[in-house]
Amino acid sequence: MVELLLLLLLLLFPFLLYVAAPQIRKMLSSGVCTSTVQLPGKVVVVTGANTGIGKETAKELAQRGARVYLACRDVQKGEFVAKEIQTMTGNQQVLVRKLDLSDTKSIRAFAKGFLAEEKHLHILINNAGVMMCPYSKTADGFEMHIGVNHLGHFLLTHLLLEKLKESAPSRIVNVSSLAHLLGRIHFHNLQGEKFYNAGLAYCHSKLANILFTQELARRLKGSGVTTYSVHPGTVQSELIRHSSFMRWMWWLFSFFIKTPQQGAQTSLHCALTEGLEILSGNHFRIEILPMDSLS
């Protein structure tokens, strides 16, 4: 009798999941940035803004009147997105600049060009990233996940930090992930040369994002620059392009996957919401609530 009930539940589970999917998806994507702050005269940099969460984040900031720099590795694709955002928002101050986070020369060139071009920087959103890519190294010999997701943004932030201080109040938003819970910083194997797992390498880099955010907040206390890390949720984006398994999982559970627009809400909340300064260094999850800081 018990076996029959278990079999029946197993057979009914896909149907029940399908019926419940709209309610579950609504619950998972309930967090929305409610800030009405407008950004005329403000300057913003969004990395990886030619697709996914970055594109939606840049679009919303442009809609609010900011001068938005799309910092992209693929300039051609970035130009196409910039024209799309300009048409949709009516804001012509959407600019594309080359930024390859896997090459420190490109990062320095971007920063040098930006600093020569702009007198201010009010919001820096470190959004770009790679996930579960085959083992490879950056132009400077760093393992690709830690190199792009953490070290590249670390250097970019450092190079733009004085401009952020001069423009205070200003904010830095680092896009991390709930995957940080599985992360460990293995200093004896930081470049993955002794052992490598693509999934864990991603987790390690996302933990580095959060630790960086916390330490940066401590060092910037009193400077007028605040910083936040965010978990955007499980989002349909190009981030999973390197993993056939992840693409299959995303397809299988597509009813529960957030759209890039929904995924951008946490970044937007941390970039825009007034009174958030006291929570500098905190990590924000998909419901747009600050999680407890890691010890």
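Among the protein heavy atoms of region 117-194, carbon and sulfur supply 61% of the accessible surface, probe 1.4 Å, non-protein parts ignored. Since only S102, A168, G152 are under comparison, the one whose Cα sits farthest along the positive direction of the charge dipole of region 26-185, derived from C-beta charges on Lys, Arg, Asp and Glu, is A168. With N counted as the residues of region 115-178, its alpha-carbon radius of gyration over 2.2 N^0.38 Å works out to 1.29. Checking every one of the chymotrypsin sites (Phe, Trp or Tyr not before Pro) in region 164-214 against DSSP loop status and a limit of 15 other Cβ atoms within 10 Å picks out F195, Y196.
Over the C-alpha atoms of region 33-142, the Rg to Rh ratio, Rh being the Kirkwood estimate, stands at 0.99. Entry comment: accessible area of region 95-228 is 45 Å² per residue, from protein heavy atoms only and a probe of 1.4 Å.
The values are calculated or read from the model by the stated rules, or taken from the named source; none is laboratory data. Bear in mind the structure is a predicted one, so any value in this text is a computation, not a measurement. Positions of Cβ are generated from backbone atoms using ideal geometry, with glycine treated the same way; all protein chains shown enter the neighbour counts. Calculation scope for accessible area: heavy atoms of the full protein, side chains included, ligands and nucleic acids excluded. Shrake-Rupley method; radii C 1.70, N 1.55, O 1.52, S 1.80 Å.
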